[in-house]
Amino acid sequence: MTRDTPIPDTITIHVPFRVVKRGGRKEMVLPEGGAQARKPDNTLVKALARAFRWKGMLESGEFASISELAEKEGIAFTYMARLMRLSLLSPELVDAVMDGHQPANITLANLMDPFPADWKEQHALWSDVN
């Protein structure tokens with residue numbers, strides 16, 4: 001069997017995408033309709049883990065106050081208090097973050113700003129939770 005046209009040595013593939021910064025890291029964004037596998041934001045996952053750990057330490061009575069815990073952990077009280085607000089996120093949002101399917105506007109930087117404690121209001125604020 002013979003071939004009429006030779007097989008080229010190289011093939012060039014063009015994939016349209018853009019690079020954006022999200023939460024201090026660079027991420028590739030495909031055009032509309034392009035399937036993009038998201039992976040968990042490790043910084044956000046770590047922050048959630050710390051928030052729930054600290055909440056558990058306070059609820060167990062291991063520490064009497066946030067300021068006492070902050071001193072033990074060697075972290076500024078104000079930072080710890082802001083980070084602990086993450087423990088108020090709805091379970092659906094926490095699951096979405098852990099799976100890497102959180103809305104693009106849920107970054108650690110955005111979550112450090114005040115957000116509603118009410119879960120329905122959170123979902124309205126970040127409406128494209130998967």
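Computed 3J(HN,Hα) for the stretch 77-94, one whole-Hz value per residue from the Karplus formula 6.51 cos²θ - 1.76 cosθ + 1.60 where θ = phi - 60°, is 4, 5, 5, 4, 4, 5, 5, 5, 4, 4, 6, 8, 5, 5, x, 5, 5, 4, glycine and proline marked x.
Other residues with beta-carbon under 12 Å from the beta-carbon of residue 87 carry, at +1 per Lys or Arg and -1 per Asp or Glu, a net charge of +4.
Residues whose amide H falls under 5 Å from that of residue 22, counting only those 5 or more places apart or on a different chain, are 27, with hydrogens built in the peptide plane.
With R₀ fixed at 30 Å, the C-beta to C-beta distance from residue 17 to residue 42 puts the FRET efficiency at about 0.90. Charge tally around residue 49: other residues with Cβ under 15 Å, Lys/Arg +1 each, Asp/Glu -1 each, net +1.
Pick out which of 100, 74, 23 has the largest mean-square fluctuation in a Gaussian network model of the chain, springs linking Cα atoms closer than 10 Å. In this elastic network of the chain, the residue with the biggest mean-square fluctuation among 100, 74, 23 is 74. The ranking of 10, 78, 107 by Cβ neighbour count inside 10 Å, starting from the fewest, reads 10, 78, 107.
Considering only 54, 40, 80, the residue lying farthest towards the positive end of the dipole of the stretch 38-125 is 40, judged by Cα position with unit charges set on Cβ.
Each of 98, 127, 109 was scored by the projection of its Cα onto the charge dipole of the chain, and the greatest displacement toward the positive side belongs to 109; charges sit on the C-beta of Lys, Arg, Asp and Glu.
Could you size up the charge dipole of the chain around its Cα centre, putting +1 on the beta carbon of Lys and Arg and -1 on that of Asp and Glu, and report it in debye to the nearest 20?
Here the chain has a charge dipole of around 360 debye.
Once backbone amide H atoms are built at 1.01 Å from N, residue 41 has 100 as its partners under 5 Å, excluding neighbours fewer than 5 places away on the same chain.
Where a number appears in this text, it was derived from the coordinates with a stated rule and is not lab data. Owing to the predicted nature of the structure, the values given are computational and were not obtained by experimental measurement. Please note: Cβ atoms are built from the backbone with ideal geometry, for glycine as well, and neighbour counts cover all protein chains shown.
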